[in-house]
Every structure is written in structure tokens, then in C-alpha cells.
Amino acid sequence: MTTHRTLAAGAVALVALGLVGCSSSTSTTPPAGSPTTSKNPATSELVFFSVGGTFQKAQVDGLFQPCADKNGITLKQDEGPSVAKIRAAVESGNVPWDIIEVGESDLPTLIAEDLIVPIDYSYFDQATLDAIDPVFRPERAVEAVIFVEGIGYRTDVASHPTTWAEFWDTSKFPGLRVMPSGNYFNPTVFESALVADGVTPGQQYPIDFDRAFKSLDKIKGSVKAWHDTPAPGVQLLVDGEVNYGLLPNGRVLQAKGQGAKVDFDYSQAFRLVDYHVVPKGAKNLDNAMKCLAYSMTKDASVAFMKLIAYGRSNKDANKALQAEDPAYAATLPTSPDNYAKTLPTDMTWYAQDSGNGKTWLQVSIERWNEWYGQ
Amino acid sequence: MNSERRRSIPWGMIWLTAVIAYLLVVYFGPIAWLLRYALEGGGGSLLQVLGSSVTRSILVNTLTFAAAITILTLLFSYPIAYFAATSHGRTRNALLLVSTIPLWTSLLVRSVAWLIVLARHGPVNEILLALGLISEPLNMTHNTVGFYVSSLYILVPTMVLVLFASMRGIDPAHVKSARTLGAHPLQAFLNVYVPLSIPAVVSGCLLVFIIALGFFVTPSLLGGPSDRQFSMLIQQTVDRFADFTRGAALSLVLLICSLACLALFGWVAGFNQFMGGRYRGKSLGSLQRVSLKLRYLDVPLRPLAPVLESRRLWLIVVTITLVFMFVPYIVIIPLSFSDAEYLEFPPSTWSLRWYEEIAGSSRWLTAGITSVVVGGIAAAIAVSLSFVGSLGMRDAPGRVSRVALPLIIAPMLIPSIIYSVGAFMTASTIGLSDTVLGIALAHAALALPVCFILIATAVDGVDPAIERAARSLGASTLTSTRRIMLPLVRPVLYVAALLAFQTSFDEIVVALFMSGVQTRTIPRLMWEGARLEVNPAISAVAVLVLGAILILAVVTGIVQQASLWRRQRVRVEESSQ
Amino acid sequence: MPATENRLYARRQDPSAEELIAGADRTTASRLDIVNVTKRFRGTATPAVESLNLSVESGQFLVLLGASGSGKTTTLMMVAGFVQPDDGDIQLGSRSIVNVPPESRNIGVVFQNYALFPHMTVQENVRFPLQMRRVRHQDADRRVFSILEMVGLSGMARRYPHQLSGGQQQRVALARALVFRPSILLMDEPLGALDRQLRGRMQQEIREIHREVGATTLYVTHDQDEALTMADRVAVLREGRLEQMATPQNLFDRPKNRFVASFVGECNFLSARVEGNSSAGWDVDLDGYRGHCEGSGPEPSRPATLAIRPHVLRVSDEGHPGVAGAVIDTLFVGDSEEILVRLDQGESVTIRRVTGEAATRFPPGTRVTVSWSWRNALVL
């Protein structure tokens, strides 16, 4: 459920989107003649469907609540999105959500199956549009958050690994680990396994699952738990149940900010982007577009980034935060020092057909379920 | 009486039909729908599910776990139930109250509490380290240890209740006469009491086994990779992957397993168990005779007899087990006053911030209101149906009630995840998903068996001559029910309503599937809290809920006492005789 | 007659509220006719009640006497309306009530365990039937207190049933069944749960109340002493059939067959040679002792016996006219004694005589003669 992000692979993403998506326009201006949503009936609710926890709280408080308050909209929430749920809802004709957070690997599927509607950029103001690279505002989605998943560690342990190979080295870095399962929002577990095994970062595609599982076998005994959602994983690190974990940076740093003896190392962290989409059949289209537009503005982005250590695509916002609180800005994944240490991913690869009608994502889940529990 | 007035309205049949109709529509209908889904296309998905080795191994895992945990639960519960059954008055009430208090707290919270208790830096490890029994903290969560411990904790209260209910019918004269015939206490126990308690054991084991089959909250939170349960698979398939066909097929497999177990039970204990008959199964008799073999334990256990026969010792064992019941509360209550953002035990800083946050959170308040409304509706429906159903069961001809009873208690004997999936699918189709009414209707069906058993027992306890007297004095059937039967069973109705309310309030499985954006119940929020945001908020909610339920229970008790006091008031106006 | 019409008709028979208040305690007693009623219960071969014909005159006290399983309670329940007869009719005041529901029959029932409403006070219990008839509160209360006085429970109005003794509960049940002046009163073994002394007192009380109130009463019991004491007439039931219905005196003196003779009081049965018939009488020869007596004669294919009550027999020294025999034993039974004598012809008899100082003693073994007045003997 978490979001995938590619920063350096923006071009690849563009091409991928262009290949799979319906729109041929890649200009920076909003596509002319997009299905109009500006004449939608006014409604009073807005339902936001995201990943939950402190992260979702930060999103609501920073990105959407101000818009809701200003326009007299009641903001409701749900947690735990998945492509399957969206598909089921759209097919049944009863879609309870208006803005949904999805991972980058989910986008191609959503577009191909026509489950999401194009974003009405006429709601956006020009300054905002100019500040955002087109990669982050394609036809049917807008960027939600730029983050990484990497090595979280306990500060009361002597040392911590800085590469995945070291993460796998249980003699040099003893203690238990926590890792995302194969059912997690992002299949980063496989990527880390491959890099640990020696695959050059950036070259992990196509994912060699056999090799990945062999690699995972080596570390299996030291993994206390494989979490399906991020919060329990972070909790284990905070509680001291594990010494190290493959975790999202923002939540770990938030815990650190509250006094937990944990910290995050950007070395070899995997870059990911999540997107916000509007499902087909959403009941509050007008509100959705309005508040999406607001969420991409500089003010909203800055507010969000201050609440949790994740990046946003609005360049003006980044500059403003840099000016306002450089120390804090240095902890974000978008700060150049951190960015340099991170590794690229290509989440859209997972959306491709593996050959028999199943996407690689589905294959990964199936193979995981077979491997897990043995 | 069987032969009522020829042309009178057959109220008995009408009531019973109403209750059965409700269950057919609200409970069996969705399950049938589910089965239809699963068998669509020639049962292809069913074959696929069975063909997967992963699924099969999880199924075997689940069955093994259910069997193992049932036996463990029996070992822990038997002494407690034995003591409660053989004690009187205060001791008995205290034992029962303490061993069943956990039932009043949400399943989720109990599971999360064990996560904290068994943590590497949790109280158990700290104590063991301090005592020098271990040098390294034990890894007890996210693996089989934690899973079994917390499962045991959750199942013992139920088993104790069921065992007690049957055991208290064992006439103490049997054991006494064995003693007069020369048997030592241990011998008397093994030769007489144990075989007599077999029906209780069978009932308890059946119920616990079925519950264990449907476990998915506890293993999700506390289990490890090898502890994956079948219900988890179903929940994942339906909730996360929205693969309804596969989910239905998986549910069908689980249903078949459950029915097979019920059939086995029926064969052992006699099918009239389900019909409310006394334990007359032929095989039950042979099971009792088999249990008689346990008496040979007397010889090897003889040297230990003074220890084993010491009632005091067993009282200590029972007390320790009961302390075990309280362990999570030692965690939950202080934790709710923690100031930290994440779960931290013991809390280093204290505050009421989580209570404040919940009181100020519209999410929790709305959920609270939703839960109360749903619970209220569910209780009203369950109690009304149980009351009229009891009347119907009493007045209807034998062959009708023999069929009706198993239908009415079915919701207790089928893992609720199967029903939840079916209810969700059906409700979505007719637009009742994510509505208060939809969830309330489902909860009423789930609460019906227990309410019915309670109320039917009370109704049967009223001397039939009393209602006949009323009718002979000029009261119609309806008036007689309203003025005579209803006041007499009213205390039990209150208790049943409270039970139904609490069942609904804490119910997680149906709520997980059927609630969504518009209707969220407290358990639903707590589940998300445990999975997606782990902070002390849920323990604060748990404390509040427990407090509320306790207050409700006290109020109910007071209302009952008041009506009893009214009856016992003696006002002698004129000179007494 | 269609059911609705019956029901309306039944309602009109109820004393109106005003009548209930204004009138004295005497009821509008009706006549009860049980006409050829049969009832079979599923699963049993023999019918519970078979072709029963029975009438209770208006104001009469009829006791249904029989062992358990004789059908007496079933009959009562049919009259009350809780059991439906398979065949036959039941008429109250010459109106059929078979299709009338129990609450409309205006019949008072006193159940075996009194069936008082535990959640209501005595006053509320007794007031209940009046409330069902929509009698005004104050009027009802007046009536309730009046009847409570009649049964001797004036001070108990506010008590609850569980605070009363068995005898007191009995009386409340009676008061409740009478307060609305029913056409007929049914009582199902009401004194079974009481001890002997209390039972005796209650029997008298019930008779007194009956005299005062004048209700047609159908009283069921298995206790023959009770039946003889209380009844105007007794109906003896065996296995669902009516054996004999007569006044207590006639039942005792002139039992129709061996069953009734031995069921109601003790009886000696001696084998004898008989000749004759039931209308003209019988010539009897018992071991040489001859005489002529009445009797309905033996049942088909059963030997003829001479039935003589123990108190009818006389015992005297050897040599007197009568049947010879020897004393086996003498039992002292308080106000009387029983002498067991084995007659020379082989059978034994029990002789009962009042203990008196003038009576001759017959120690065991004494040879005696047993005689009787042939008027008091019957051939059965």
C-alpha cells in the first residue's frame, strides 16, 4: 500500500506511463479538453483513503484539512487501500472514496482498467503547476509523497549496517531484524535481497525471484517478523524487539523525534513515490479536485513536510523549507546529501504482464505466499 | 399442552416461524449466497483452492492448532470449572466472575496486551532476567509461543463457562456415595466424577475448537510465519485482494471442516445434544467408559495422592490461573495513561492525553456512537426474537422444535468469518454494506444463540400451570404472556440484553468486513489502530469500553435488585394471621 | 355452532361487572354435562378417557376419584379447555363449550400447586380475573377484600405468595378462582401437598365455602377418604372409563364391582357358591353358611365372590352360626382393632371392630366363628 517513488527514473516513468496510459500528451500544460469536472454538483463530504497511522494524520492535517475547513467540507477517512478494493468498488458501482493513495506500481493497472479519472487541472493555479515537474502530475494522478524505505536502526546498539549486504551479515551485526513481507505495499523486500546478494543497484530488473528467495533464506532466521503494514514494523524497532529494519524513513524519524532510541540511515535506501488518484464513480468530484489542487500548493506541502519527514514535489515548497529550517530540511529524502545515497527503483516494472495474464506484482505475492511459512 | 383449542391462533408456530425466518434471511441466506459464489463455474475456484499446497498446509496447520489449543484450554479450565461447580455462594460467584472477566474486554485489546507483556523488554522477560532464570530475553512474540499463550488466555473463559454450566448438574451424592463405598478422594474423582463430566468436556471442547478454527485476530497480531491460520487467509483474500470468488471458495472449505467436526461431535455425543435433549448419545456412553480407563492413573498417582487430594493446593493452582486472567489488565490500564506516542511499557511519562485525544476525536466519538446504536439495535432484536422464540419452542410440536433448535444455535457453531464474508457480499449487493442497520442485523443473528439459551431456560422454568391459571381466569394468550410470563422472566431479559449488547460492541469480524467509510465501530477503529497506527489510544479506548460495560452491568444488577426488593417488601396492614 | 357465536354467547353468560359487585357471593351456578367424551393421546394405545358420560347438577360437589392414569386430570383439563376432546361434547348450562377458548369459559380452576403468580401480591392475584373483566379498580378491590375475608386471609393482601404457608396459598388460589363468580369451579388435587392434619382442616373449609358460595364443583383426587368426606356424589374412574357414580354412602355400601369395592374402603372377598341374578338376588352358600343377598354379580368370566366390609363382620366364639376359622392376629389401630382370621375353607378375612372394654379378646390361635348380616353383603 505504500507508495512507490522514482526520482531519477522520472523519464522511465514517463515513458512507461506513456506506453501504458491513454494520454499522448506530455506537455507541461494541462491537457486541453480534459473531461471536465469543474461543473460538478456541490457536495459536502470528501473521503480520503490512505495508508493510515501518523502518516495519514500528517497528510490530513497538512494537505487536506485546511481546504476542507475553508470550503465547509466534512472530511472522512478510510485506511488500507489496494487495487483490488478499488476495482471491486468501481465494478459494483458503489465507490465510497474520493481521493485514494496508491503506489507507483499500481498506476498502470488502474489506468489500463479505467478505474481512475483524469485530474482536472483547471482547479490548479499556475504557480503551483509551474513549481511541479510534469513527471509528478501526469494525466490521472498527482504526486502524494516522495519517500524512501531503508535501514532503520536502534541507537543503543553498537553499530548498524549501511549496505544491504551488511544488513544480511548477522555475525557482524547480530540481533533480530524486521522486514516487510511480500504482501506489503511495495515489494522492496525482494529488491533488498537482490542488492544484498550482489546485484548492482539500478540493475535489479527484471527481478530474479529465485535468487531473491535464496537470498532471503539466508536471513530468514534472524527476521523476527515480516510486517504487512508499516506501523507494526516501526513499533518493533521502537520497542527494541529488533535492532534493525527495512522501514519507511518518515515514521522512523518521527519516532526519533518523540524520543525513541531509533534513527534512519539513507544509505542504499530505495526511492519511492506514491500518488493520489480519484476513482471512477467518486461521489464528491468537485471537492476532490479542489482539495487535490490545494494539497499541491507550496503552503500545504510545507505544512506536510514539517509534520513528517517526507518530501514533496513542489520545488517552491522545498526552497521555502530549506530557507526556513535548513537543519530539518536536511533530514528529508529530497535533500541532496540524502538523495545521493539512495537507490533507484522502477515500480512500474511490477505492473507489467509476466506472460500469462498476471502482473509481476501478483506473481511476487504468489511466490511469497508459497515461500513464507516454510 | 399439545392439543390447544382447535380454532385458536397457533401463536407458538407463528413466533417460531418468525425467528427461523429471520435467521434464514439474515444468517443462512448470506452463507448460501457465499456457497453459490464458491461453486460458480463448476466449482473451479474450489478445486484451485484445494489444489494449492500452500492452502492445504495452512488448513492442516489450522486444524492442528485448533486441536492442540483445545486440549490445552481444557487442562487449564477443568480445575477452575470443577472448583466453581463444587463450591457454593460467594466462592463460586467469585471464581466465575474472575475467570470470565476477560470476556468483557475486546479480543483485540487482549491480544495487543499480550504483545506488550511478552515483549523482549516486557514484564515477563524482565522478571525472568531479574530472577536469573534466563540470561537473554526470550523471543515470545510473533511466534508460536506468544500465539499459544494469548490464544489460551482468550479461550479459557469460554471453556470454563461451558464446563461449569454442565458440571453443576452433577449430583454431589455420586462422589459421596463412592467415598462411603471405600474410595479415596482421588479414586472417587477418577472413577465417578470424571466420567460424569464427560458430556461437559465434550461440549466445551466442541465450542472451543470451532472458535479456534475461526481465529484470525490473535494470529495476525501475535503469530509467526508458521502460525498462519486459515481465517487469516480468508480475510486477506477478501479484504486486501478483493478476490471474492477465491474468498468464497476458501470459506466453503472452512465450512466443510466445521460441519465435519460438528458431525463428529454429534456422533460421539448423540445428535440430541443439538436438539436440547439430555446427553443420550450411545457413543457418549462409550466415551464415558473410555474415560473410566483414566482410573488406572490412580495407581501411579497414588504416592502423589496427598498432594493431589489437597483442595488447598488446587485452590492455589486455580488462583494462579485466575491471576493469569488479570495480567493484560495490569498492562492495559497503566498504558492508557502513558504520554508516549508509541506503545511503551512501563510508561515513562504519564498523562491523560490519550483520553483527551479520544474525547476530542470525532473519529472515536462517531465510532462510539455507532457502536452504541448498533449494539442497542442488535440487543433489541436478539432479545425480542429470543423471547418469542422461547415461547414458540415451548408450545410448538416436538418435531418442529427439534428442527428449530439447531438452526437457532447454528451461529454459535459456525466460525464467524464464514458468515462475515457472506454477509459482506450479500450486503454489498443489496446496499446494506457500511450501514448501521446491516451491521446490527448481522450482530443480532450472532447474539441470538446465547440470548436464546438464556431466555429459553428461564421461560421453561416458569410453571406452565401459572399461565394456564391466567387463562382460566380470563386472560387471552397474549395478555397472559404480557402480564404473567414477561414480568417473571424480565430479570433474565435484562441480562440477555446486556450480553447481546456487549457481544455486538466488541464484535470485530463482521465489523471488519461490513463497516467502511460511513459506519465504523470501535473494534474496527481498534483493529486499524493495531495494524496501522500503534499507539496507546486503543488501550485508552479499551479501558473506557470496559468501564462502560462494567457500569452497564452494575446498573442492570441494580435494576434487577430493585425489582426483587419490591417483591420482598412486607407491609402488614391489618393484624397478621 | 360457529366458534364466534359460541364465544359471544359465553361472554354474555359472565356476570357483568355490576352483578359481580352488587350481588351476594352466590354464583350463577351452571350444570355441567360431559357427553360421551373420548381422548386419545399420541403414542399410547389405550385412550386416556373413553366414552365418558358424566353430569354435575347445578350447585353440586362432584368428586372424580381414581388412581393416577385413570383419566381424571385429563377430564378436568378438557372441561377447563386446555385439552381438546377427540370425540363427544362438553356442555355448560346446556351450551357446548368445546370450541370456546379457556379464557372465555368463565370457569374457576384451582391447580395442584396453586399456580399463584409469584410476582404479584395476594391482592393482585385475586384481583387479576376482575381486571380481565374490566371491573373498575375500587369495585374490584372491594370484592377482593370481601372474598379474602371469606377464606380467612384478611391481613395477607399485600404479601407475596412465597411468604405464605401452603394452606394460605391454597386459600388464595381458591379465592382467586371464586372472586369472579364462575359458572363452575374445578379443583385438581388441591390438597395433595399438605400434611394430614392441615388437609383435614382444609377439606372442611372447602366444604364450608362451597356451601356458602353454592358453586358447581368438580373436584379431582386419588384419595378415597377425601372423596367420601367432601363429595355430594363421587364418580370413580378406572383407565378412562366411569366405573360408578353414586353418593358416598351408596358407593361405600353398594359398590357395583370388585374394583370399586376395593378402591373405596377395604373389602373382603370370599369365594362362595352362588345362584341367582342381580335383580332377584342371590342365594349364597359359603362353607355351609347360607343366606340371600343383593349384588350386581360377577363380571363376565370372573368367579363370583361375596363382598363384605370388615366392619360388617362379627366374630364370636366357636359354635355359633357362621363360618369357622382361627384367629391369626389382632392389630390395634387406635380407635378400632383389626382381627385377621383364617377361615377353615382356606381364605382369610379382616374384621374391624371398635375397641371397647366389653369386647372379648381373641388371642391368636383361638377358634372362632365369623358371621354377618346378609343385608350388608354383596355378590360381586
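The values are calculated or read from the model by the stated rules, or taken from the named source; none is laboratory data. Keep in mind that what you see is a predicted model, and the values were worked out from it rather than measured. Glycine also receives a Cβ, built like all others from the backbone with ideal geometry; neighbour counts cover every protein chain displayed. Accessible surface is based on the protein model in full, side chains and every heavy atom, while ligands, DNA and RNA are left aside. Shrake-Rupley method; radii C 1.70, N 1.55, O 1.52, S 1.80 Å.
For the reader, a short list of remarks on this structure follows.
To keep it simple, each residue is scored yes or no on (1) at pLDDT 75 or above; (2) on the phi > 0 side of the Ramachandran plot; (3) open to solvent by less than 30 Å² (accessible area, probe 1.4 Å).
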site	(1), (2), (3)
B:Thr218	yes, no, yes
B:Ser226	yes, no, no
B:Leu264	yes, no, no
B:Phe271	no, no, no
B:Met275	no, no, no
B:Gln288	no, no, no
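- Put simply, of C:Leu164, C:Leu153, C:Leu148 the only residue that is more than 10 Å from chain B (Cβ to nearest Cβ), under 32 Å from the mean Cα position of the chain (by Cα) and of a type in the set (A, V, I, L, M, F, W, C) is C:Leu148.
- Take the conditions (1) farther than 25 Å from A:Pro279 by Cα; (2) touching a Ser or Thr at 6+ places or on another chain (Cβ under 7 Å); (3) β-branched (Val, Ile, Thr); (4) within 14 Å of chain B (Cβ to nearest Cβ); A:Val178 misses just one of them, which is (2).
- Here A:Val262, A:Val234, A:Val278, A:Val199 are screened, and the one residue that is crowded, with 21+ Cβ neighbours inside 10 Å and away from every other protein chain (no Cβ under 11 Å) is A:Val278.
- Each residue in the range A:71-91 was checked for being more than 8 Å from chain B (Cβ to nearest Cβ), farther than 15 Å from A:Ile111 by Cα and either open to solvent by less than 20 Å² (accessible area, probe 1.4 Å) or free of Cβ contacts under 8 Å to residues at least 24 places away in the same chain (or both), and 3 pass.
- Of all residue pairs spaced 6 or more apart or on separate chains, those with beta-carbon atoms under 8 Å, a first member in the range B:111-139 that is within 18 Å of B:Pro536 (Cβ to Cβ) and a second member that is assigned to a helix (DSSP H, G or I) and among the aromatic types (Phe, Trp, Tyr) are B:Ala113/B:Tyr329; B:Trp114/B:Tyr153.
- Here the condition is being more than 14 Å from chain A (Cβ to nearest Cβ), within 30 Å of B:Arg490 (Cβ to Cβ), within 24 Å of the chain's Cα centre (by Cα) and of a type in the set (A, V, I, L, M, F, W, C); of B:Ala378, B:Ala396, it holds for B:Ala378 alone.
- Selection of the range B:47-58 for residues being touching a residue at least 40 places away in the same chain (Cβ under 8 Å) and either open to solvent by 30 Å² or more (accessible area, probe 1.4 Å) or closer than 19 Å to B:Ser150 by Cβ (or both) yields B:Gln48, B:Leu50.
- Single residue of the range C:105-142 satisfying the filter (over 26 Å from B:Val489 (Cα atoms) and charged (D, E, K, R)) that is nearest to the other protein chains (Cβ to nearest Cβ): C:Arg105
One line per residue, one yes/no per condition, for (1) more than 18 Å from the chain's Cα centre (by Cα); (2) outside any loop (DSSP other than H, G, I, E, B):
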| site | (1), (2) |
| --- | --- |
| A:Ala127 | yes, yes |
| A:Glu143 | no, yes |
| A:Ile146 | no, yes |
| A:Ile151 | no, yes |
| A:Val157 | yes, no |
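- Any hit, the range B:286-294, residues being in contact with a Lys or Arg (Cβ under 8 Å, 6 or more places away or on another chain), within 28 Å of B:Tyr153 (Cβ to Cβ) and in a helix (DSSP H, G or I): no
- Residue in the range C:33-79 that is farthest from the other protein chains (Cβ to nearest Cβ), counting only those that are touching a helix residue (DSSP H, G or I) at 6+ places or on another chain (Cβ under 6 Å) and of a type in the set (A, V, I, L, M, F, W, C): C:Leu65
- Among the residues examined, B:Leu74 qualifies as of a type outside the set (D, E, K, R) and within 29 Å of B:Leu155 (Cβ to Cβ).
- Which numbered condition C:Arg171 misses (of (1) in contact (Cβ under 8 Å) with a residue 40 or more places away in the chain; (2) buried (at least 19 other Cβ atoms within 10 Å of the Cβ)): (1)
- Candidate set: the range C:210-268, residues that are charged (D, E, K, R) and touching a strand residue (DSSP E or B) at 6+ places or on another chain (Cβ under 6 Å); chosen: the one farthest from C:Thr44 (Cα to Cα): C:Asp232
- Taking the criterion of being modelled with pLDDT under 90 and more than 9 Å from every other protein chain (Cβ to nearest Cβ), the residues of the range A:39-70 that qualify are A:Lys39, A:Asn40, A:Pro41, A:Ala42, A:Thr43, A:Ser44.
- Qualifying residue in the range B:309-331 (condition: open to solvent by 50 Å² or more (accessible area, probe 1.4 Å) and within 14 Å of another protein chain (Cβ to nearest Cβ)): no
- Of the numbered criteria (1) of a type in the set (Asp, Glu); (2) free of Cβ contacts under 8 Å to residues at least 12 places away in the same chain; (3) farther than 14 Å from A:Arg177 by Cα, the one A:Asp239 fails is (3).
Condition check ((1) touching a residue at least 12 places away in the same chain (Cβ under 8 Å); (2) open to solvent by less than 50 Å² (accessible area, probe 1.4 Å); (3) touching a strand residue (DSSP E or B) at 6+ places or on another chain (Cβ under 6 Å)) across all residues:
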residue	(1), (2), (3)
B:Thr426	yes, yes, no
B:Asp434	yes, yes, no
B:Gly438	yes, yes, no
B:Leu441	yes, yes, no
B:Ala445	yes, yes, no
B:Phe452	yes, yes, no
B:Ile455	yes, yes, no
B:Leu473	no, yes, no
B:Leu478	yes, no, no
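- Tabulated pairs, the range C:257-274, first more than 11 Å from C:Pro303 (Cβ to Cβ) and open to solvent by 40 Å² or more (accessible area, probe 1.4 Å), second aliphatic (A, V, I, L, M) and not in a strand (DSSP E or B), C-beta under 7 angstrom, 6+ apart or interchain: none
Yes/no per residue for (1) of a type in the set (A, V, I, L, M, F, W, C); (2) modelled with pLDDT of 80 or more; (3) in contact with a Lys or Arg (Cβ under 7 Å, 6 or more places away or on another chain); (4) surrounded by 15 or more Cβ atoms within 10 Å (Cβ to Cβ):
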position: B:Ala340; (1), (2), (3), (4): yes, no, no, yes
position: B:Ser348; (1), (2), (3), (4): no, no, no, no
position: B:Gly360; (1), (2), (3), (4): no, yes, no, no
position: B:Ser371; (1), (2), (3), (4): no, yes, no, yes
position: B:Val374; (1), (2), (3), (4): yes, yes, no, yes
position: B:Ala378; (1), (2), (3), (4): yes, yes, no, yes
position: B:Ser386; (1), (2), (3), (4): no, yes, no, yes
position: B:Leu391; (1), (2), (3), (4): yes, yes, no, yes
position: B:Gly398; (1), (2), (3), (4): no, no, no, no
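- Apart from one condition, B:Ser135 fits all of (1) buried (at least 22 other Cβ atoms within 10 Å of the Cβ); (2) over 30 Å from B:Ser336 (Cα atoms); the exception is (1).
- Residue within the range B:135-155 that is over 30 Å from A:Val238 (Cβ atoms), away from chain A (no Cβ under 12 Å) and not hydroxyl-bearing (Ser, Thr, Tyr) present: yes
- In the range C:92-103, the residue that is least open to solvent (accessible area, probe 1.4 Å) out of those that are more than 8 Å from every other protein chain (Cβ to nearest Cβ) and among the polar types (S, T, N, Q) is C:Ser96.
- Of all residues in the range C:59-91, those satisfying the criterion of being among the hydrophobic types (A, V, I, L, M, F, W, C) and either open to solvent by 10 Å² or more (accessible area, probe 1.4 Å) or in a helix (DSSP H, G or I) (or both) are C:Ala67, C:Leu76, C:Met77, C:Met78, C:Val79, C:Ala80.
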